[in-house]
Amino acid sequence: MITLKYHGHSCWEIDNAKHRIMIDPFLSGNQFAKVKAGEFDTMSAILITHGHGDHIGDGVEIAKKTGALVVSNFEIANYFSNHGCNSHPLHIGGGAAFPFGHVKLTIAHHASTGPNGEPLGNPAGIVLTIDGKRIYHAGDTGLFLDMKLIGEMSGPLDIALLPIGDNFTMGIDDAVKATELLNARVNIPMHYNTFPYIVVDPREFVAKVKARGREAQVVAPGECFELA
Ligand code: NI
Ligand code: MN
């Protein structure tokens, strides 16, 4: 059993019996997060999709305290190394196996400047394979046709975590199209309602995906999705 706990925005905490992994650990400044960075004592890994503050988030604090391995693009991995954290660099199209699972970076159409405006490589999506289950976290991105390739080459995907908030990323209708291309078993919306620019109703996404015969579910902040 794998548990995906949603902390709002694009922040997911993924647990199996052995490992805890965080993707885009944005807690401070995230109105939906019910936990604080300092509350985590153990963390195997932190995966970062791109350099924006709402994705790097509290990564340095959590990685320093827990010794978690930070896995991201080369530039972001260096950023974390320079802040005294353990890191492993990947780049788009590349993957590597770790004790906690396999991580592959995919393309994302977005930007990746760091907290001080410094360039931090290219933005990415992530395919995490853990206990034989495949989880796709799209990061921040617009819709792209190569999602079909991600679904075919990394698939079958068990879960697709997709931004739906519009303005900075896909909106609902583009995210609904993404579910067709990816063909994941379950689609879960993220990156909405955190800021005034990205207010949408996630139930509209779920209804539209279901109307096309696919599975989708809203996971409220603080709640979990159990992947069996
Ligand atoms: Ni971003
Ligand atoms: Mn973002």
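The values are calculated or read from the model by the stated rules, or taken from the named source; none is laboratory data. This is a predicted model, so every value here is computed, not measured. Neighbour counts run over all protein chains shown; Cβ positions are idealised from the backbone, glycine included.
Computed values, structure above
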read-out: Count - residues of segment 177-226 that are assigned to a strand (DSSP E or B), within 16 Å of the chain's Cα centre (by Cα) and over 14 Å from GLY8 (Cα atoms); value: 2
read-out: Residue check for LEU162: within 16 Å of ligand 2 (Cβ to nearest atom), of a type in the set (A, V, I, L, M) and at pLDDT 95 or above; value: yes
read-out: Out of TYR136, TYR197, sole residue that is within 13 Å of ligand 2 (Cβ to nearest atom) and aromatic (Phe, Trp, Tyr); value: TYR197
read-out: Close pairs from segment 189-208: first among the acidic types (Asp, Glu), partner surrounded by 14 or more Cβ atoms within 10 Å (Cβ to Cβ) and outside any strand (DSSP E or B), Cβ under 9 Å, at least 6 apart; value: ASP201/ILE172; ASP201/TYR192; ASP201/ASN193; GLU204/ILE164; GLU204/ILE172
read-out: Failed condition for ILE76, given (1) more than 16 Å from ligand 2 (Cβ to nearest atom); (2) crowded, with 23+ Cβ neighbours inside 10 Å; value: (1)
read-out: Segment 144-176, residues that are within 13 Å of ligand 1 (Cβ to nearest atom) and assigned to a strand (DSSP E or B); value: PRO163
read-out: Only one of THR106, THR129, THR141 that is surrounded by 15 or more Cβ atoms within 10 Å (Cβ to Cβ), outside any loop (DSSP other than H, G, I, E, B), among the polar types (S, T, N, Q) and within 16 Å of ligand 1 (Cβ to nearest atom); value: THR106
read-out: First in segment 30-58 and within 16 Å of ligand 1 (Cβ to nearest atom), second anywhere and part of a loop (DSSP other than H, G, I, E, B) and of a type in the set (Val, Ile, Thr), Cβ under 6 Å, 6 or more apart; value: HIS55/THR49; ILE56/ILE48
